[in-house]
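> Please read through the structure below; I'll follow up with questions.
The values are calculated or read from the model by the stated rules, or taken from the named source; none is laboratory data. Bear in mind that the values here come from a model prediction, so they are computed numbers and not experimental data. Please note: Cβ atoms are built from the backbone with ideal geometry, for glycine as well, and neighbour counts cover all protein chains shown. The accessibility values were calculated without ligands, DNA or RNA, using every heavy atom of the protein model including side chains. Shrake-Rupley method; radii C 1.70, N 1.55, O 1.52, S 1.80 Å.
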Amino acid sequence: MQHIWGITWPLLDAGFYGRPWTMEQRTELFKREQKWGLNTYLYAPKDDYKHRMYWRDLYSAEEAGQLIALISAAKQHDVDFIYAISPGLDITFSNPKEVAALKRKLDQVRQFGCSSFSLLFDDIETDMCPADKQAFSSFAHAQVAITNAVFQHLGDPETFLFCPTDYCAAFCTPSVSQSSYLHTVGEKLLPGIDVLWTGPKVVSHKISVESIDEVSSVLKRAPVIWDNIHANDYDPQRIFLGPFKDRPTELILKLGGVLTNPNCEFHPNFVAIHTLATWCKATADGAQRDVEMDDEEQDPCYSPQEALTLALTDWLQEFLSSDQPGARLKKESSGEEPMQTDVGEGSYVPGPGENPLYTAEPLTLDDLKLLSDLFHLPYEHGPTARTMLQELDWLKKHSWAWRSKAQQFDGMCEAVVQMFNRLSNAPNRSILYDLYNYICDIKSGVGLARAYVKTLGGQGGPSVQPMNDDPEPWGFRGGLSGEFQRMLPCHGNRDLFRHPPMTAVYSIRPHCTEDKVRMPAPQTLLSAGEISPSPQCALVLEDEIGVCGYGLALIDAKPAATKIQRAVSESVLKDFPSLVTIRVLPRVTDPSPAKRMIGQLLSSIRSSGSRGVFCELRQNDRRMLDFYSKLSSFKPIKTASLPHDIVAMGTSL
């Protein structure tokens with residue numbers, strides 16, 4: 001069978017979960033496909049209820065008219081329209097009436113002028129009903145039987161796609177090569193039917209030639225890749241504007257085609273589709289590009305970065321062309337005098353010392369490159385985003401030396417703000433509306449990080465205090481979903497920026513005699529090793545590795561000072577009779593566990609009737625000095641009785 005897409009003609013798919021695109025948007029998509037060399041469109045919007053949930057229902061006259069117009073528009077632009085249907089939610093495979101209903105529905109669509117079809121059995125339950133269990137030996141046999149019957153009923157169409165329930169390697173039990181489900185599909189599915197495959201995972205980071213060879217052997221045919229690299233329907237806070245990548249062009253000769261499952265929003269898919277088109281044409285002329293020694297792709301026929309620049313350059317022109325009717329037309333001469341308010345507003349000139357008029361700067365290619373870096377791909381941030389995360393991580397760990405790098409970080413944050421401003425003023429408002437929620441969110445997140453860095457440098461003011469005890473709503477992100485995620489042990493362990501430690505689960509428990517806590521500490525009253533903490537005032541901090549910190553307190557520090565012959569002024573002990581010591585290992589970068597320990601200790605000390613508590617720290621211990629300073633209640637205590645390298649801080653209770 002000759003595939004209509006061929007080895008260099010990928011498919012384009014709209015099978016995401018989200019608001020379906022309008023008929024006008026799909027028609028515009030056909031124009032782009034034709035322009036860029038794409039030739040096929042798979043109609044599979046999961047929220048078209050007659051495509052999936054109510055698959056048995058025939059289309060009304062109005063709906064039929066829309067589909068007829070869409071199929072006709074696809075043909076006008078040399079795009080093969082594939083109609084997909086998903087009956088797997090509730091079909092009874094063994095019921096002849098169900099099979100007849102499926103055939104009747106596809107017969108109706110065939111009357112609309114459609115000649116290519118697809119049966120999808122993805123994202124459904126795998127348990128068969130009792131009737132099907134009696135009729136079929138396995139779920140795969142049931143699906144194959146109905147797919148073959150429909151394929152033959154439609155006259156063995158040249159293009160017919162089948163999506164298995166196990167559509168990626170991660171779903172195969174125990175493996176791709178040993179999957180009884182896939183072996184049944186490969187052996188029983190008629191050879192004229194192509195099989196969809198997403199790769200190693202649902203959203204595959206990389207798809208290797210070896211993995212395609214393996215699944216092709218089992219399916220007994222070259223698969224059609226159904227690629228989710230740009231799909232964003234699983235995360236409402238992410239959109240993907242990076243290039244098609246991590247799929248070697250060697251795959252082109254081994255596939256029946258490639259589909260891309262796009263972002264839910266129509267306009268931001270410009271980059272995804274444009275770079276896919278560049279990828280699929282990479283070997284069309286047999287030319288090879290120069291590969292630098294540090295080129296991580298090592299693909300002689302395709303450079304993702306070059307493809308991205310080409311796509312963004314073309315997309316910029318679309319941004320700068322207005323989509324508002326008459327927006328760029330000059331006023332027609334009517335012989336009427338313009339309204340006085342128009343003249344006044346247009347001719348205003350600021351006077352000396354007044355604010356200059358705001359002028360919207362045009363969007364630039366650098367702005368779009370920054371936008372792509374901030375919203376790149378599922379498994380990686382773009383270069384600028386990675387740099388910003390690295391800078392912020394460094395500034396957090398070196399807050400006492402922040403000035404050397406803070407200015408650079410602030411400049412990158414300012415670039416995001418300016419990109420937001422220029423994009424917000426771009427003439428094409430339709431693209432802006434698709435992107436607006438995302439760029440607002442990243443602008444806000446960058447703003448919080450920017451304010452935090454300023455606090456590290458001691459730059460105060462209410463506007464740069466993002467982490468106080470009573471933040472504004474924009475200071476905490478994610479709503480209820482975010483709170484659920486932050487409570488889970490695995491939260492943060494899939495962050496794309498892996499240099500910071502993953503969010504750990506810490507436990508605080510009372511100290512017991514078996515504990516052997518050894519970590520560096522100043523020679524304070526408690527850490528000298530000769531004084532035991534007061535009852536209920538010894539805590540141990542543990543993570544998954546083991547003990548990583550402790551918190552100790554003395555309700556009455558005066559006897560301890562006398563015992564070790566440490567002179568502590570009477571005035572200090574009068575106002576701050578109790579002592580507290582907190583120590584954590586360097587691997588504990590989250591300040592929350594230490595705050596919890598000191599909170600528990602202060603509560604115990606307060607309940608004993610003490611009026612105040614102090615702590616002793618080394619002058620060069622910037623980390624703990626910073627920790628106590630940010631508690632706000634602890635203030636430096638002036639006393640001449642301490643060793644020269646020890647400082648004291650205290651708080652009233």
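> How many residues are part of a loop (DSSP other than H, G, I, E, B), open to solvent by 10 Å² or more (accessible area, probe 1.4 Å) and in contact with a helix residue (DSSP H, G or I) (Cβ under 7 Å, 6 or more places away or on another chain) if we restrict to region 203-230?
The qualifying residues number 2.
> Also, quick follow-up: Among P236, P243, P268, which is in a loop (DSSP other than H, G, I, E, B), within 30 Å of S430 (Cβ to Cβ) and open to solvent by less than 10 Å² (accessible area, probe 1.4 Å)?
Only one candidate qualifies: P243.
> Condition first: in a helix (DSSP H, G or I), in contact with a Ser or Thr (Cβ under 7 Å, 6 or more places away or on another chain) and either open to solvent by 60 Å² or more (accessible area, probe 1.4 Å) or under 16 Å from R52 (Cα atoms) (or both). Can you find one or more residues in region 108-129 that meet it?
no
> Restricting the search to region 627-640, which residues are in contact (Cβ under 8 Å) with a residue 60 or more places away in the chain and surrounded by 14 or more Cβ atoms within 10 Å (Cβ to Cβ)?
Result: I637, T639.
> Take Q143 and decide whether it is surrounded by fewer than 17 Cβ atoms within 10 Å (Cβ to Cβ), on the phi < 0 side of the Ramachandran plot and either at pLDDT 95 or above or within 36 Å of the chain's Cα centre (by Cα) (or both).
The answer is no for Q143.
> If you go through region 235-251 one residue at a time, how many are touching a residue at least 40 places away in the same chain (Cβ under 8 Å) and over 25 Å from D314 (Cα atoms)?
Selection size over region 235-251: 3.
> Check region 558-578 and report whether any residue there is free of Cβ contacts under 8 Å to residues at least 12 places away in the same chain, surrounded by fewer than 17 Cβ atoms within 10 Å (Cβ to Cβ) and within 44 Å of the chain's Cα centre (by Cα).
Among the residues of region 558-578, not one is free of Cβ contacts under 8 Å to residues at least 12 places away in the same chain, surrounded by fewer than 17 Cβ atoms within 10 Å (Cβ to Cβ) and within 44 Å of the chain's Cα centre (by Cα), which makes the answer no.
> Those residues that are closer than 20 Å to L365 by Cα, out of contact with any Ser or Thr (no Cβ under 8 Å at 6 or more places or on another chain) and either open to solvent by 30 Å² or more (accessible area, probe 1.4 Å) or at pLDDT below 90 (or both), I need them from region 396-414; list them, please.
G411, E414
> Specify which of the listed residues (L316, L363) is open to solvent by less than 90 Å² (accessible area, probe 1.4 Å), at pLDDT 85 or above and not in a helix (DSSP H, G or I).
L363
> Going by what's in this entry, would L392 be described as on the phi < 0 side of the Ramachandran plot, modelled with pLDDT of 85 or more and open to solvent by less than 20 Å² (accessible area, probe 1.4 Å)?
No; evaluated as a whole, the condition is false for this residue.
> Restricting the search to region 579-591, which residues are touching a residue at least 40 places away in the same chain (Cβ under 8 Å) and loosely packed, with under 13 Cβ neighbours inside 10 Å?
Of everything in region 579-591, just one residue is touching a residue at least 40 places away in the same chain (Cβ under 8 Å) and loosely packed, with under 13 Cβ neighbours inside 10 Å, namely R587.
> Answer yes or no as to whether T387 is of a type outside the set (A, V, I, L, M), at pLDDT 95 or above and assigned to a helix (DSSP H, G or I).
No; evaluated as a whole, the condition is false for this residue.
> Condition first: closer than 20 Å to S137 by Cβ and small (G, A, S). Now tell me which residues in region 176-211 satisfy that.
Scanning region 176-211 gives S179, S180, G186.
> Could I ask something else about it? So the check is Cβ under 6 Å with 6+ separation or different chains; which pairs have a first residue in region 261-280 that's within 10 Å of W315 (Cα to Cα) and a second one that's of a type in the set (F, W, Y) and open to solvent by less than 10 Å² (accessible area, probe 1.4 Å)?
F270/W315
> Give me the pairs: first residue in region 356-381 and within 22 Å of N261 (Cβ to Cβ) and of a type outside the set (A, V, I, L, M, F, W, C), second residue assigned to a loop (DSSP other than H, G, I, E, B) and open to solvent by 50 Å² or more (accessible area, probe 1.4 Å), beta-carbon distance under 8 Å, and six or more apart or on different chains, which are they?
Pairs found: P378/H205; P378/R238; Y379/H205; Y379/L496; E380/L496; H381/L496.
> Turning to a different aspect of this structure: So for region 181-193 (the condition being open to solvent by less than 20 Å² (accessible area, probe 1.4 Å), touching a residue at least 12 places away in the same chain (Cβ under 8 Å), closer than 22 Å to H51 by Cα and in contact with a Ser or Thr (Cβ under 6 Å, 6 or more places away or on another chain)), does at least one residue qualify?
No: region 181-193 contains no residue that is open to solvent by less than 20 Å² (accessible area, probe 1.4 Å), touching a residue at least 12 places away in the same chain (Cβ under 8 Å), closer than 22 Å to H51 by Cα and in contact with a Ser or Thr (Cβ under 6 Å, 6 or more places away or on another chain).
> So for region 277-293 (the condition being closer than 26 Å to T384 by Cβ, of a type outside the set (G, A, S), open to solvent by 10 Å² or more (accessible area, probe 1.4 Å) and modelled with pLDDT of 90 or more), does at least one residue qualify?
yes
> Could you list all residues from region 38-52 that are of a type in the set (A, V, I, L, M, F, W, C), modelled with pLDDT of 90 or more and part of a loop (DSSP other than H, G, I, E, B)?
Within region 38-52, L38 is the sole residue that qualifies.
> Something else now. Any idea which of D78, D90 is on the phi > 0 side of the Ramachandran plot, acidic (D, E) and open to solvent by 30 Å² or more (accessible area, probe 1.4 Å)?
D78
> Further question: With respect to the numbered conditions (1) surrounded by 18 or more Cβ atoms within 10 Å (Cβ to Cβ); (2) at pLDDT below 80, which one is the sole condition not fulfilled by E514?
(1)
> Which residues, counting only those in region 228-274, are more than 20 Å from C163 (Cβ to Cβ), of a type outside the set (A, V, I, L, M, F, W, C) and over 20 Å from the mean Cα position of the chain (by Cα)?
P248, T249, E250, H274
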